[in-house]
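The values are calculated or read from the model by the stated rules, or taken from the named source; none is laboratory data. Source: prediction; values computed, not measured. Backbone-built Cβ (ideal geometry, glycine too); neighbour counts: all protein chains shown.
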Amino acid sequence: MTSGVIPAKAGIQYYRVFLDSRLRGNDMFTQDSGLNIETNTSREFKITPFIKREIIKIADKRIKETHLKALNELKNLVKTLAKAQKRPEEEIRKLDIGINNLRGDVGGLARSFGYEFDNGAFRSFHTELARSAKFQH
């Protein structure tokens with residue numbers, strides 16, 4: 001391919017392989033594509049409307065496949081992130097319930113201590129009152 005001219009018979013196949021390899025991220029020139037492009041140099045290659053349509057079809061198909069693959073990967077990533085987010089939310093909900101229970105327990109203890117202090121004060125009130133009355137007389 002010294003002059004950049006491709007024989008007509010190999011032209012369509014060459015461009016299909018070339019576009020396919022470029023869209024897949026491969027470099028066709030570093031791999032053996034199996035095409036012998038310079039076997040028939042009697043006619044120069046020209047891009048006809050048919051060849052142009054075929055090239056566009058191949059490119060569109062590869063782009064669509066690439067976009068669908070990327071879209072599916074994003075969907076899977078979003079699902080994974082949603083599952084991962086649910087776990088901390090559930091743990092936070094459990095902690096919130098635990099804190100509310102703890103508040104109730106602490107409030108119950110405060111009431112119990114208050115009642116106990118009241119009962120103790122009431123029991124000792126008469127004794128202390130009598131003792132203080134003795135000292136005042």
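Listed values, structure above:
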{"quantity": "Region 52-76 - residue that is surrounded by 11 or more Cβ atoms within 10 Å (Cβ to Cβ) and without any contact (Cβ under 8 Å) to a residue 12 or more places away in the chain and, of those, farthest from the chain's Cα centre (by Cα)", "calculated": "K52"}
{"quantity": "Sole residue being under 26 Å from Y14 (Cβ atoms) and modelled with pLDDT of 90 or more, chosen from I47, I97, I58", "calculated": "I58"}
{"quantity": "Boolean, A82 is modelled with pLDDT under 90, of a type in the set (G, A, S) and surrounded by fewer than 10 Cβ atoms within 10 Å (Cβ to Cβ)", "calculated": "yes"}
{"quantity": "Test for R53: is it closer than 30 Å to V17 by Cβ, at pLDDT below 90 and assigned to a helix (DSSP H, G or I)", "calculated": "yes"}
